[in-house]
Amino acid sequence: MDVDIEAELATQITAVAAAGGEVEIVGNGSKRFYGEPLEALALEVSGHSGIIDYDPAELVITLRAGCRLRDVEVLLAGQRQMFGFEPPTFGADATIGGMIASGLAGPRRAFAGSLRDFLLGVKMLDGRGETLNFGGRVIKNVAGFDVARVMAGSLGTLGVILEASLRVIPMPETEVTLAYAHATPALHIQWINQLGSAPYPISASSWLDGQSRLRLSGSEQGVQEAAAELGGDAVDDDWADLKDQSHDFFAGDEALTRISLPPASADLGLARTQVIEWGGAQRWLRGEVDLEGLYAQAATQGGNVCAFRNHADGVDRFQALPAAMIKLQRNLKSSFDPAGIFNPGRIYPGL
């Protein structure tokens, strides 16, 4: 049946390209808010699901893009394994394809790596309706230009992800969350970056409303020794409120803006509530902001800004890239999708 789905998708793609049309690749829609809104024919891909291969001893899973992320996480947990980048779901029906296409990661990302670091291979359909395979199913398969990883964060602009092979990691033996009082973002950023130079088993950090949180993960002995040395107050926390943005900070219809910066960058001095995570590398603002001013401010520190959710129509969702980077993006797009039918303009105009 899945072979038939692949053939049907290829036929639809070929027909749309021949007619000069456009398509929006749609799984279960959990991350449809992310990026520029589209008006195009929906290409439904969620029916292409199923586990192809999973050998816990090899720490690799290969699966179809329509698999529900939460179902896969349950499967991995049964073997005491997990996705190291701690992907957000933003809904019970989030799919593996959407996870890869969005490229989003949770609190563990700064300490364990991004989705791109765990993506070993993909099978996809390009804009000609042709099936392409990149990478492989083994961790050592890293020879040559790693095309598979280009799909991470591409938001469906390059092609339809059919299958993916991902590296997984063992779950830690134990985890402890510690809380500390830091009155300002600047104090938190200075503190967490000082800790980063020490061999503590840190797997997540955050700051909100004067409180820093620090998660330690690893062996029972190692975590307990680190916790005793670091002090702080032990608190109950599974970090889902940050990973899936279920905390009150993210609730409601206010605009949400993401700022990405080098971790040790100074506090931007914004007079508003914010969430800081990834050791200072990811910062969230709630409410209307001066995006143009924020773009310039972030750029001076080597960062960028994303109008992540609930911003007004007509606002560019992603900060413009330098001309050389846009040229590279256009070359990639034309190679994979010469007729420009996949999710046009989802990230940048004309792509």
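Where a number appears in this text, it was derived from the coordinates with a stated rule and is not lab data. In this text the structure is predicted, and so the values were computed from the model without any measurement. Cβ placement follows ideal geometry from the backbone for every residue including glycine, while neighbour counts extend to all protein chains displayed.
Note on the stretch 1-76 and the stretch 288-351: Cα centroid distance 23 Å, given to the nearest whole angstrom.
Dipole magnitude for the chain: computed about the Cα centre from +1 point charges on Lys and Arg Cβ and -1 point charges on Asp and Glu Cβ, it is near 920 debye. Protection proxy ranking for 279-289, 224-234, 8-18, using the average of other Cβ atoms within 10 Å per residue and placing the highest first: 279-289, 8-18, 224-234.
Can you tell me which of 172-180, 50-58 comes out highest on packing, and rank the rest after it, using the mean Cβ neighbours within 10 Å?
Highest-to-lowest ranking by the protection proxy: 172-180, 50-58.
The stretch 275-351 gives an Rg/Rh value of 1.02, both radii derived from C-alpha positions and Rh following Kirkwood. Each Lys and Arg adds +1 at its Cβ and each Asp and Glu adds -1 at its Cβ; summed about the Cα centre, the stretch 174-309 shows a dipole of about 460 debye.
Relative contact order, whole percent, for the chain stands at 19, derived from Cα pairs under 8 Å and 6 or more residues apart. Among Ala298, Ala320, Gly218, which residue has its Cα positioned farthest towards the positive end of the charge dipole of the stretch 216-344, with +1 placed on the Cβ of Lys and Arg, -1 on the Cβ of Asp and Glu, and the dipole taken about the Cα centre? About the Cα centre, the residue reaching furthest to the positive side is Ala320. Peptides 193-199, 259-265 ranked from most to least packed, by the mean per-residue count of other Cβ atoms within 10 Å: 259-265, 193-199.
With distances taken between every two different alpha-carbon atoms, the chain has a Kirkwood hydrodynamic radius of 21.4 Å. Scaled against the 2.2 N^0.38 Å expected of a compact globular protein of N residues, the Cα radius of gyration of the stretch 174-309 reads 1.08.
Dividing the summed helix terms, -39500 (n - 2.57) for each DSSP H run of n ≥ 4, by the number of residues in the chain produces a 222 nm estimate of -7500 deg cm²/dmol to the nearest 500. Amide H contacts of Met82: Ile169, Met171, each under 5 Å away and 5 or more positions distant or on a separate chain (H built 1.01 Å from N in the peptide plane; Pro and chain starts excluded).
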